[in-house]
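Okay, structure first, notes after.
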Amino acid sequence: MNYGLFVLSMLALAACNSVEETPTNTRSGAANSITGAEIRQHMEVLAADDMRGRAAGTADYDRAADYVADRYRKIGLLPLGDGGSYFQSIRFFETRLAPGSASFSVARDDSQVELVFRDDFIRAGGYGEQDEDITAPLVFVGHGIVAPEYGHDDFADVDVAGKILVSLSGAPPGFATDQRAFYSSSRGKQAIAMERGAVGIINVRTPVDQKRRPWERYLAGVGSPGMRWLDEEGAPHQGYPQLAGSATVSEAGAEKLFALADADLDALFTKHAAGDTGSFDMDISATLGRRSNQRTVRSSNVVGMLKGSDPELRGQYIVYTAHLDHIGVRPGSDGDDIHNGAYDNAAGIGTILEIAAAMAVMDTGPRRSIIFAAVTAEEKGLQGSSYFAMNPPVPAEQLVANINIDMPYLGFPVGDVHAFGAEHSTLLSAVQEATILSGLELTPDPLPDEVRFVRSDQFSFVKQGVPALALKPGSMSLDPATDGAAALDDFLKNHYHRASDDLSLPYDNAAAERFARTGLLVGLIVADRQARPRWNDGDFFGDKFAR
Ligand SMILES: [Zn+2]
């Protein structure tokens with residue numbers, strides 16, 4: 001069976017069933033206008049070698065941004081950037097660890113142990129002084145979390161002011177998935193450390209994390225610059241310059257550290273994995289040094305809008321996001337240094353461009369206004385989306401939903417889709433409706449422990465109280481001869497954030513089509529509903545962040 005035709009007839013059927021609802025009719029027309037071939041054309045431009053991996057803050061990224069702006073113009077989107085352009089220009093503080101400058105030693109009485117960069121520890125450039133050299137006592141703080149709803153406080157029995165925290169990655173096992181995701185974030189842990197007056201965090205990876213992400217994966221990112229957007233005072237947003245004594249240690253590095261402190265690391269892992277707590281002064285001190293090469297750079301979100309068709313609702317905005325940046329040029333394998341980011345995230349940009357194009361040619365467009373934001377510096381920690389969500393070009397309280405598309409893997413005939421985070425709000429029912437129309441099956445997140453809801457640009461909107469979701473193709477294959485789970489696994493293991501995430505990977509036109517059509521329908525349904533999306537009653541994220 002030709003699945004594409006099947007979808008078309010399903011859509012036609014849906015149109016016939018609701019005679020006087022013209023939007024359904026135009027919805028199906030709009031959905032059918034999206035083709036996998038057009039999405040692929042955008043990928044071929046954006047993931048070509050001459051785009052050199054689109055690293056934020058480079059001229060390569062700017063060329064990609066020009067391409068997106070040019071497409072917006074052809075589609076007829078209204079410019080929502082600076083001075084009547086599509087570009088929302090952002091000033092960033094960029095920091096890069098100077099080669100050979102990182103040092104880390106620990107001392108107890110008169111014995112001292114050196115840790116070796118890369119083997120035992122890694123660290124990035126800082127957001128404070130260019131040259132830093134800090135010595136401070138170490139204090140073990142469990143996971144370094146304060147979670148009032150669980151009565152959990154790793155700082156209850158210790159004074160950490162002026163000290164460097166030694167903390168385990170992740171969060172206690174008793175936390176529910178959402179809470180664990182939220183509290184595991186390093187940014188959140190840094191904020192608490194700052195509040196308590198600590199001067200650094202040594203991140204110790206738990207056995208769970210060691211397994212999930214081998215040390216070699218951490219090493220791949222060493223030396224690439226960090227970025228934080230600059231606020232009105234010229235300070236890097238969440239740069240936390242006081243945390244000058246921060247590093248991540250390998251298994252070997254952690255062993256050196258705990259051996260000198262006469263503490264049994266394995267016993268601590270076991271204890272905390274069982275949900276126990278307990279913080280203590282380690283009675284050793286650490287000295288950490290580094291030099292950071294710092295500068296200010298600019299990079300832009302590319303923002304356009306389709307004005308809503310309903311005068312009463314067009315003052316509300318649904319934002320489609322996809323990050324345009326990738327990790328650029330860094331040493332790769334087989335002499336290929338260009339990290340093209342074909343799936344991460346040229347595919348996502350191609351998808352939202354075709355959604356925009358399809359919406360723009362509808363007879364009666366969506367009732368609410370739709371913003372399309374190709375955001376920068378996602379790979380630097382969701383920076384472009386964070387800036388956008390905190391400095392939107394429309395009134396912040398009128399942002400009603402975010403639909404994010406990041407790294408859709410479309411290399412086989414995908415039959416299902418996930419909507420990370422949709423279950424927190426009324427957006428879930430819109431996705432359910434959309435998937436019935438598009439023929440993709442809506443399946444739950446197969447890896448809830450990877451907490452992907454908080455790991456891409458949608459989370460920047462959640463933090464501003466905006467209901468959000470990330471739409472992602474699943475691993476179900478419509479072709480019995482292709483194992484979708486194996487294909488997706490192969491991508492994640494062997495190509496994710498590697499130079500080989502390029503145009504030579506398989507691409508399934510029909511899968512791309514079905515996925516983008518689903519993405520389009522979600523937006524149309526949300527845009528046309530009378531009720532504004534809202535968080536579910538008592539939802540963790542809603543309660544934490546809703547305005
Ligand atoms: Zn990425």
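The values are calculated or read from the model by the stated rules, or taken from the named source; none is laboratory data. Predicted, not measured: the structure shown is a model, and the values here were computed from it. With ideal geometry, Cβ positions are generated from the backbone for all residues, glycine too; neighbour counts draw on all protein chains shown. We work out accessible area using only protein heavy atoms, side chains counted, and drop any ligands, DNA or RNA first. Shrake-Rupley method; radii C 1.70, N 1.55, O 1.52, S 1.80 Å.
Please specify each residue of segment 531-547 satisfying the condition of being in a loop (DSSP other than H, G, I, E, B) and either open to solvent by 30 Å² or more (accessible area, probe 1.4 Å) or within 16 Å of the ligand (Cβ to nearest atom) (or both).
Here is the first cut: in segment 531-547, the ones in a loop (DSSP other than H, G, I, E, B) are 531-534, 536-539, 546-547.
Within segment 531-547, 531, 532, 534, 536, 537, 538, 546, 547 qualify.
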Can you name the number of the only condition in (1) modelled with pLDDT of 95 or more; (2) more than 22 Å from the chain's Cα centre (by Cα) that residue 439 fails? (1)
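Might you let me know whether segment 272-279 holds any residue that is in contact (Cβ under 8 Å) with a residue 12 or more places away in the chain, charged (D, E, K, R) and more than 16 Å from the ligand (Cβ to nearest atom)? It would help to see each step written out before you state the result.
Step one: list which residues in segment 272-279 are in contact (Cβ under 8 Å) with a residue 12 or more places away in the chain, which gives 272-275, 277-279.
Retained after the next criterion (residues that are charged (D, E, K, R)): none.
Looking for residues that are in contact (Cβ under 8 Å) with a residue 12 or more places away in the chain, charged (D, E, K, R) and more than 16 Å from the ligand (Cβ to nearest atom), one finds none in segment 272-279, hence no.
Answer yes or no: is there a residue in segment 301-319 that is under 22 Å from residue 96 (Cβ atoms) and either at pLDDT 95 or above or more than 16 Å from the ligand (Cβ to nearest atom) (or both).
Checked against the condition, which is being under 22 Å from residue 96 (Cβ atoms) and either at pLDDT 95 or above or more than 16 Å from the ligand (Cβ to nearest atom) (or both), segment 301-319 yields no hits at all.
Can you go through 344, 334 and tell me which one is within 16 Å of the ligand (Cβ to nearest atom) and either at pLDDT 95 or above or in a loop (DSSP other than H, G, I, E, B) (or both)?
Values: 334 fails: within 16 Å of the ligand (Cβ to nearest atom).
Matching residue, one of 344, 334: 344.
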Some residue of segment 149-168 being within 22 Å of residue 447 (Cβ to Cβ) and in contact (Cβ under 8 Å) with a residue 12 or more places away in the chain: yes
Please go through segment 347-375 and give me each residue that is open to solvent by 30 Å² or more (accessible area, probe 1.4 Å) and either β-branched (Val, Ile, Thr) or within 12 Å of the ligand (Cβ to nearest atom) (or both), ordered by number. 361, 364
On the given criteria, is residue 226 in the same structural domain as residue 266 (by TED's automatic domain parsing), touching a helix residue (DSSP H, G or I) at 6+ places or on another chain (Cβ under 7 Å) and open to solvent by less than 40 Å² (accessible area, probe 1.4 Å)? yes
Sort out which residues of segment 479-530 are open to solvent by 20 Å² or more (accessible area, probe 1.4 Å), assigned to a helix (DSSP H, G or I) and within 16 Å of the ligand (Cβ to nearest atom), and write them in order of number. 488, 492, 493, 494
Which number in (1) open to solvent by 10 Å² or more (accessible area, probe 1.4 Å); (2) over 22 Å from residue 138 (Cα atoms); (3) touching a residue at least 24 places away in the same chain (Cβ under 8 Å) marks the one condition that residue 335 misses? (3)
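Select from segment 120-163 the residues that are β-branched (Val, Ile, Thr) and under 17 Å from residue 188 (Cα atoms) and write down the one among them that is most open to solvent (accessible area, probe 1.4 Å). Explain how you work it out, then say what you get.
Taking segment 120-163 as the starting set, the residues that turn out to be β-branched (Val, Ile, Thr) are 122, 134-135, 139, 141, 145-146, 158, 160.
With under 17 Å from residue 188 (Cα atoms) added as a condition, the list becomes 141, 145-146, 160.
Details: 141: 0, 145: 2, 146: 36, 160: 5 Å².
So the residue we want is 146.
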When you scan segment 274-293, how many residues do you find that are surrounded by fewer than 19 Cβ atoms within 10 Å (Cβ to Cβ) and touching a strand residue (DSSP E or B) at 6+ places or on another chain (Cβ under 9 Å)? 9
Could you please let me know if residue 301 is in the same structural domain as residue 395 (by TED's automatic domain parsing), crowded, with 17+ Cβ neighbours inside 10 Å and either part of a loop (DSSP other than H, G, I, E, B) or touching a Gly at 6+ places or on another chain (Cβ under 7 Å) (or both)? yes
For residue 296, state whether it is open to solvent by 70 Å² or more (accessible area, probe 1.4 Å) and of a type in the set (Val, Ile, Thr). yes
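Take residue 393 and decide whether it is outside the structural domain of residue 345 (by TED's automatic domain parsing) and open to solvent by 30 Å² or more (accessible area, probe 1.4 Å). Let's see the steps before the verdict.
On the way: outside the structural domain of residue 345 (by TED's automatic domain parsing): no; open to solvent by 30 Å² or more (accessible area, probe 1.4 Å): yes.
For residue 393, the condition - outside the structural domain of residue 345 (by TED's automatic domain parsing) and open to solvent by 30 Å² or more (accessible area, probe 1.4 Å) - is not met.
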Test each condition in (1) over 18 Å from the mean Cα position of the chain (by Cα); (2) within 16 Å of the ligand (Cβ to nearest atom); (3) among the acidic types (Asp, Glu) for residue 378 and report the one that comes out false. (1)
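In this structure, is residue 84 of a type outside the set (Val, Ile, Thr), under 29 Å from residue 305 (Cβ atoms) and at pLDDT 95 or above?
Working: of a type outside the set (Val, Ile, Thr): yes; under 29 Å from residue 305 (Cβ atoms): yes; at pLDDT 95 or above: yes.
The answer is yes for residue 84.
Of these, 172, 214, 207, which one is out of contact with any Leu (no Cβ under 9 Å at 6 or more places or on another chain), open to solvent by 40 Å² or more (accessible area, probe 1.4 Å) and in contact (Cβ under 8 Å) with a residue 40 or more places away in the chain?
Being out of contact with any Leu (no Cβ under 9 Å at 6 or more places or on another chain), open to solvent by 40 Å² or more (accessible area, probe 1.4 Å) and in contact (Cβ under 8 Å) with a residue 40 or more places away in the chain holds for just one of 172, 214, 207, which is 207.
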Given the criterion under 27 Å from residue 384 (Cβ atoms) and acidic (Asp, Glu), identify the matching residue among 233, 251. 233
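Of the residues 456, 460, which single one is open to solvent by less than 60 Å² (accessible area, probe 1.4 Å), among the polar types (S, T, N, Q), within 16 Å of the ligand (Cβ to nearest atom) and outside any loop (DSSP other than H, G, I, E, B)? Spell out the reasoning first.
Working: 456 fails: outside any loop (DSSP other than H, G, I, E, B).
The conditions single out 460.
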Answer with yes or no whether residue 409 is assigned to a loop (DSSP other than H, G, I, E, B), crowded, with 24+ Cβ neighbours inside 10 Å, within 16 Å of the ligand (Cβ to nearest atom) and of a type outside the set (Asp, Glu). yes
